[in-house]
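Colleague: The structure under discussion is supplied below as structure tokens; questions concerning it will follow.
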Amino acid sequence: MEKILTQAEWAARAQEVLPAGGFGNFDPSVFISHGKGARVWDQDGNEFVDLLIGSGPMLLGHGNEEVQEAIFEQIPKGMTFFANNTAGVELAEEICRAVPCAQQLRYVSSGGEADMYALRLARAFTGRDKIVKFEGGYHGMSAEAQMSLAPTHPSNFPQAIPDSAGIPESVSAEMLIAPFNDFAYIRSLLSEYGSDVAAIIVEPLQRIIPPLPGFLQLLRDEADKYGIVLIFDEVVTGFRFAYGGAQEHYGVTPDLCTLGKVIGGGFPLAAVVGKADIMAHFDAKVVGRDKWLMQLGTLSGNPVASVAGLKTLEILRRDGSYEKLNQNGRMLMAMADRAMSKSDLPYQIVGEPSLFEVVFTDPPVRSYRDVLNADTKASTRYNAALRRGGVFKSSGKTYPSLALEEADFGTIENAISMAGTLALEYSKN
Ligand SMILES: Cc1ncc(COP(=O)(O)O)c(C=O)c1O
């Protein structure tokens, strides 16, 4: 019989062939063997309630049977063709019905790719080079997106600092970095550079930080004033905050948005979406060869991903889906609040019900530096206690899903109160 390797043995094997022992995403000592509903199991058989949900895509939970059926129906017909397929068109039609800014769509395979093309598209449309990005904003791994993503020693705004080696200095020169939620700074930055700026790219909820009332509208107004393309990165918030995404939820419509995660139903599929006159730059016949954006990808509009996405969206459209998701999130937020309020540690629960985190700090969390200055040791202890208590999550985010059931809430409540007791002990010492 074949020997079953432990997680530690797999980690040793991975170390040989994968730099840093993993895929670059998550704690490389953890191997997930399978998932069902709101639960995942690691290679050693430990069971967890999953509040990571694949970093966002598995909003319906793992192994949803209707989604599986759609995939199983597609697979025998073929897995990828490079040519158009009808499921990809149907999914594009549904996204254009749902998302306020969406008149047309171009598929790619990852959210980071979508962000990279959205920036290039804005440059092609405006004929300008500069990009406004917010410090701490995450837009994938392109050179532009790596600017001031997670600086440990923040510099003076609007100076861009690369968070990765291998990026030419010339890229920083085209980036203008601003603090999220700072109304006055954006006004003054654009009064100086506005006519050179191609795009403002923003996560409408920056990681977990909500926009202050009026901030997204200010970006909309300032973009209009200077002829700048406003891009919402909705890779996370799309089809999560509402069926129409954060733009529906917050009531501000960008010119372009990027989507990923939920729209692929767990498969690699993402998209740049937006107004037709801007999207026209993907069509050389409309804009002419000089203003055309060459863009193609082997797996773009993959039919298996498209049917998984279509079925996922169909389920999300059913009555009560978003009420239930938000209700699940509110229950988790309340649990965290009850547990943490017993200690004297300063904390806040920051975010929206469908995506939030406990941040151990007193001053209001409005931008990246407020999170940077929070108590990271307390956060590490909180997350470690949750993991020990059978809850699987990343250290910076809590992602509720629609699959959570009563027993899952019981596990989470116990784990969170354990984290609360530890926080209490810590705050007394
Ligand atoms: C806001 C945001 N944009 C873009 C991305 C990149 O998406 P992907 O990992 O699919 O490239 C992520 C990934 O988590 C994200 O959170």
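The values are calculated or read from the model by the stated rules, or taken from the named source; none is laboratory data. Remember, predicted model here, so these are calculated numbers, not experimental data. With ideal geometry, Cβ positions are generated from the backbone for all residues, glycine too; neighbour counts draw on all protein chains shown. With ligands, DNA and RNA removed, areas are computed over all heavy atoms of the protein, side chains included. Shrake-Rupley method; radii C 1.70, N 1.55, O 1.52, S 1.80 Å.
Colleague: What distance in nm lies between label points placed 7 Å from Cα along the C-beta direction at residue 97 and residue 286?
Modeller: About 2.2 nm separates the two model spin labels.
Colleague: Another one. Could you work out how far apart the two model spin labels at residue 129 and residue 314 are, taking each label as a point 7 Å from the Cα in the direction of the beta carbon, and quote it in nm?
Modeller: 4.9 nm
Colleague: By average Cβ neighbour count within 10 Å, what is the ranking of 172-179, 75-82 from highest down?
Modeller: Working: 172-179: 19.9, 75-82: 11.4.
In decreasing order of mean packing, 172-179, 75-82 become 172-179, 75-82.
Colleague: Here is a further query. Nearest-5 percent of antiparallel DSSP beta bridges in segment 65-316?
Modeller: 40 percent
Colleague: Quick one: if you take sqrt(5λ) for each eigenvalue of the C-alpha gyration tensor of the chain, what semi-axes come out, biggest first, whole angstrom? Mind showing how you got there, number by number?
Modeller: Details: eigenvalues 230, 161, 86 Å².
For the chain, the ellipsoid semi-axes come out as 34, 28, 21 Å.
Colleague: So what is the calculated 222 nm ellipticity per residue for the chain, using -39500 (n - 2.57) for each DSSP H run with n of 4 or more, over all residues, to the nearest 500 deg cm²/dmol? The partial results should precede the final answer.
Modeller: On the way: 15 runs with 167 residues, N = 429.
Calculated from helices alone, the mean residue ellipticity at 222 nm is -12000 deg cm²/dmol.
Colleague: How fast does segment 349-429 diffuse by Stokes-Einstein, in µm²/s, taking the Kirkwood radius from C-alpha pairs at 25 °C and 0.890 mPa s?
Modeller: Rounded, D is 181 µm²/s.
Colleague: Between segment 120-164 and segment 5-78, how many Å separate their Cα centres?
Modeller: Value for the Cα centre distance between the two parts: 31 Å.
Colleague: Separate question: How high is the FRET efficiency from residue 184 to residue 1, r the C-beta distance, R0 56 Å, rounded to 0.05?
Modeller: Details: r = 68 Å, r/R0 = 1.22.
The pair residue 184/residue 1 has a calculated efficiency of 0.25.
Colleague: Contour minus end-to-end for residue 80 and residue 192, with contour as 0.36 nm per residue of separation and end-to-end as the Cα-Cα distance?
Modeller: 35.5 nm
Colleague: What Kirkwood hydrodynamic radius, in Å, does segment 65-316 give when the mean of 1/r is taken over all pairs of distinct Cα atoms and then inverted?
Modeller: About 18.4 Å, per the Kirkwood formula over Cα pairs.
Colleague: In the chain, what percentage of the DSSP-assigned beta bridges are antiparallel, given to the nearest 5?
Modeller: DSSP beta bridges in the chain are roughly 60 percent antiparallel.
Colleague: Could you give the nm distance between label points at residue 380 and residue 337, where each point is 7 Å from its Cα heading toward the beta carbon?
Modeller: If labels sit at residue 380 and residue 337, their model points lie 3.0 nm apart.
Colleague: Relative contact order for segment 217-291 using alpha-carbon pairs under 8 Å, separation at least 6, rounded to a whole percent?
Modeller: Once divided by the residue count of segment 217-291, the mean separation gives 23 percent.
Colleague: Residues of segment 368-409 with the amide nitrogen closer than 14 Å to a label point 7 Å from the Cα of residue 427, along Cα-to-Cβ, please.
Modeller: Those under the cut-off are 375, 378-379, 382.
Colleague: Give, in nm to one decimal, the length gained when the segment between residue 405 and residue 90 is fully stretched (0.36 nm per residue of separation minus the Cα-Cα distance).
Modeller: Extending this stretch completely gives an extra 110.2 nm.
Colleague: Sticking with this one: Give me the accessible area per residue for segment 65-316, probe 1.4 Å, as a whole number in Å². Write down the numbers at each step before the final one.
Modeller: Numbers: 10150 Å² over 252 residues.
With all protein chains present, segment 65-316 gives 40 Å² per residue.
Colleague: Would you tell me the accessible area of residue 324, worked out with a 1.4 angstrom probe on the heavy atoms of the protein chains, in Å² to the nearest 10?
Modeller: Counting only protein heavy atoms, the figure is 90 Å².
Colleague: Can you list the HN-Hα couplings for segment 338-349, worked out from phi with the Karplus curve (6.51, -1.76, 1.60; θ = phi - 60°), rounded to whole Hz and with x for Gly and Pro?
Modeller: In residue order, the calculated couplings are 4, 5, 6, 5, 6, 8, 8, 5, x, 7, 9, 9 Hz.
Colleague: Given a cut-off of under 8 Å on Cα pairs at least six residues apart, what relative contact order in percent is computed for the chain?
Modeller: It rounds to 21 percent for the chain.
Colleague: If you stretched the chain out fully between residue 298 and residue 217, how much longer would it get, using 0.36 nm times the residue separation minus the C-alpha to C-alpha distance?
Modeller: 25.4 nm
Colleague: Take the Cα pairs of segment 60-213, get the Kirkwood Rh, then feed it into Stokes-Einstein at 37 °C and 0.692 mPa s and tell me D in µm²/s.
Modeller: Stokes-Einstein gives a translational diffusion coefficient of 181 µm²/s.
Colleague: Now a separate question. For residue 391, list long-range residues whose amide hydrogen, built 1.01 Å from N in the peptide plane, is under 5 Å from its own amide hydrogen.
Modeller: Those lying under 5 Å, H to H, from residue 391 are 49.
Colleague: What lysines does residue 324 reach when the alpha-carbon gap must be under 24 Å and sequence neighbours fewer than 8 apart in one chain are set aside?
Modeller: Excluding near neighbours in sequence, the set is 36, 261, 311, 393, 397.
Colleague: Okay, moving on. Give the carbon-plus-sulfur fraction of the accessible surface of the chain in %, rounded to a whole number; probe 1.4 Å, heavy atoms of protein chains only.
Modeller: After summing per-atom areas, the C and S share lands at 53 percent.
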